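Here is the structure we will look at.
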Amino acid sequence: MTRILLRLLLITVCAGLGGTAHGQHGRHSVLPTQRELERFGLERGWWSQSTLDAATDRLVYLTADEENVYAQSRAGLITAFDAETGDRLWSRLLGQTGAPSFPAVTNTDHLLVATGMNLFALDKFRGKLLWRLNLPHHPTTKPGISDTQTYIGTLDGSAYAFDLTTIRQLYQDQLLPEWSDVTTVWRVRTGGPISSPPVSTGVQVNFPSADGSLYSVETRDGSLRFQFETNGPIQTPIARNRDSLFIAADDVRFYCIDSQTGKLRWTFVTGTPILQQPQVIGPQVFVTPEQGGLYALDTFDGQVQWHQTRAVEFLAAADESMFVSDGLGNVLVLSRHDGSVTGVVPLREMSVRVKNDRTDRVYVASPQGVVVCLREKGSDFPNYHKFPERRPLLPEFTEEEPPAPTETEPPAPTDAP
């Protein structure tokens, strides 16, 4: 443990001394200039450097929520940045160096990372370790999370629900890992490995299995609400909006079902498998089949609104524009109305990217740890897509009203001459 702390301290000191120099060097070789971005109505919100040993380590995951951006390295280092200012909030080494890990997930307060056979929880704003839980089986996906529970799928086809409050209490009482079983709320067994993260809607949890079915169970006890069957394994993470679930199966069909009943609403035939998670932004769902470009579909009836053949990866969406990757690693700026290309930003060296369904910000990073935020010029406050209720209240500015006239006594009458 002491050796790990010393190693982390050394890396942090090196980042403090050399990270700025590395970033300044990257400004000329990696970062887009403000002049380049202004041509397409964009600006650089911020840039910063992750904590890692650039000589031996590489960035593998970049994730974001409304408050923070999280950069994860191959060695297990996590660096958190403020999503709007780019301030580096904290860095921490989790698990054994080089242990297989999954991208981080968050709720309002927690950050969870599954690495090896352990599930770690941190305070997402300070980086403080809240607890560590030994998992009963090898995880096959990143965890799902709500405000009260966390869910994870395993190689034996099981989906587990764990109570967050119970885990933390047992960890503080130093009763873990001996009492790990007490933290389990329920376990559901399926016919194949759980192939993508469980998704909670509050009252139910939905998770697909390699057996070709999507299972929806009650949050409180894991009892089956419905099972939706497809003609092939479901390996791609599902997406949802307020009343629908969106499922991409290996039968090259894209399904929209009612999230409460599991009844089919519509299907869309893609012709090739969809391996990237669909992204729902307002009334549109964006789908990227392999070598098939990007489709914008109407969430209500599945009708194709437009198709952009050059796009291979969704990045973010604003009111009028959206941002995607092309096959060469450039960032394309598209019209959200018809999918036409309005700009091309050469960012091939920034190959680690966020698929941001939370806000309209574009977050990209280099494998060496340089992280950049791009945004539409003049958009000082981000749009919140997934959880609009989380947007902070902004002060309202109104024109100053002129002072009301004060009552005065009429002048005394004077005698006429």
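Residues of segment 45-83 that are touching a Phe, Trp or Tyr at 6+ places or on another chain (Cβ under 7 Å) and more than 14 Å from LEU93 (Cα to Cα): SER48, LEU62, THR63, ALA64, GLU66, ASN68, VAL69. With the structure loaded, tell me whether THR150 is buried (at least 22 other Cβ atoms within 10 Å of the Cβ), out of contact with any His (no Cβ under 6 Å at 6 or more places or on another chain) and modelled with pLDDT of 95 or more or whether it fails that test. Yes; evaluated as a whole, the condition is true for this residue. Would you call TRP186 surrounded by fewer than 20 Cβ atoms within 10 Å (Cβ to Cβ), free of Cβ contacts under 8 Å to residues at least 12 places away in the same chain and either more than 28 Å from PRO388 (Cβ to Cβ) or of a type in the set (A, V, I, L, M) (or both)? Taking the combined requirement at face value, the residue does not satisfy it. Only one entry of ILE247, ILE194 meets the criterion of being farther than 25 Å from HIS137 by Cα, among the hydrophobic types (A, V, I, L, M, F, W, C), crowded, with 20+ Cβ neighbours inside 10 Å and touching a Phe, Trp or Tyr at 6+ places or on another chain (Cβ under 8 Å), and that entry is ILE247. In the set LEU122, LEU129, LEU133, only one residue is within 21 Å of GLY76 (Cβ to Cβ) and in contact with a helix residue (DSSP H, G or I) (Cβ under 6 Å, 6 or more places away or on another chain); that residue is LEU133. Just one of the listed residues (LEU112, LEU59) is more than 14 Å from the chain's Cα centre (by Cα), among the aliphatic types (A, V, I, L, M) and over 26 Å from LYS377 (Cβ atoms), and it is LEU59.
I'd like to check something: does segment 266-279 contain any residue that is within 19 Å of SER340 (Cα to Cα) and either out of contact with any helix residue (DSSP H, G or I) (no Cβ under 9 Å at 6 or more places or on another chain) or basic (Lys, Arg) (or both)? Yes, the conditions are met somewhere in segment 266-279.
Going by the conditions given, is THR56 hydroxyl-bearing (Ser, Thr, Tyr), surrounded by fewer than 16 Cβ atoms within 10 Å (Cβ to Cβ), within 30 Å of ASN118 (Cα to Cα) and modelled with pLDDT under 90? Criteria not met by THR56.
Hey, does segment 157-176 have a residue that's closer than 22 Å to SER200 by Cβ and without any contact (Cβ under 8 Å) to a residue 12 or more places away in the chain? So far as segment 157-176 goes, yes, one or more of its residues are closer than 22 Å to SER200 by Cβ and without any contact (Cβ under 8 Å) to a residue 12 or more places away in the chain.
Filtered by the rule that a residue be touching a strand residue (DSSP E or B) at 6+ places or on another chain (Cβ under 6 Å), more than 20 Å from LEU297 (Cβ to Cβ) and among the polar types (S, T, N, Q), segment 318-358 gives ASN330, THR342.
The strands (runs of 3 or more DSSP E) falling completely within segment 60-104 that include 1 or more residues that are in contact (Cβ under 8 Å) with a residue 12 or more places away in the chain and in contact with a helix residue (DSSP H, G or I) (Cβ under 9 Å, 6 or more places away or on another chain) map to 77-82, 88-93.
Of the conditions (1) modelled with pLDDT under 95; (2) surrounded by fewer than 19 Cβ atoms within 10 Å (Cβ to Cβ); (3) among the hydroxyl-bearing types (Ser, Thr, Tyr), THR230 satisfies every one except a single condition; which number is it? That leaves (2) as the condition not met. Being surrounded by 20 or more Cβ atoms within 10 Å (Cβ to Cβ), over 22 Å from PRO382 (Cβ atoms) and in contact with a Lys or Arg (Cβ under 9 Å, 6 or more places away or on another chain) narrows it down to one residue among PHE120, PHE102; which is it? Result: PHE120 is the single residue among PHE120, PHE102 that is surrounded by 20 or more Cβ atoms within 10 Å (Cβ to Cβ), over 22 Å from PRO382 (Cβ atoms) and in contact with a Lys or Arg (Cβ under 9 Å, 6 or more places away or on another chain). Considering only residues in segment 381-405 that are at pLDDT 90 or above and assigned to a loop (DSSP other than H, G, I, E, B), the one that is nearest to the chain's Cα centre (by Cα) turns out to be HIS385. Is segment 203-214 home to any residue that is touching a Leu at 6+ places or on another chain (Cβ under 8 Å), modelled with pLDDT under 95 and over 18 Å from TYR151 (Cβ atoms)? No, segment 203-214 contains no residue that is touching a Leu at 6+ places or on another chain (Cβ under 8 Å), modelled with pLDDT under 95 and over 18 Å from TYR151 (Cβ atoms).
The values are calculated or read from the model by the stated rules, or taken from the named source; none is laboratory data. Everything numeric here is computed off the predicted structure, so don't read it as measured data. When we count neighbours, we look across all protein chains shown, and the Cβ atoms used for this are built from the backbone with ideal geometry, even at glycine.
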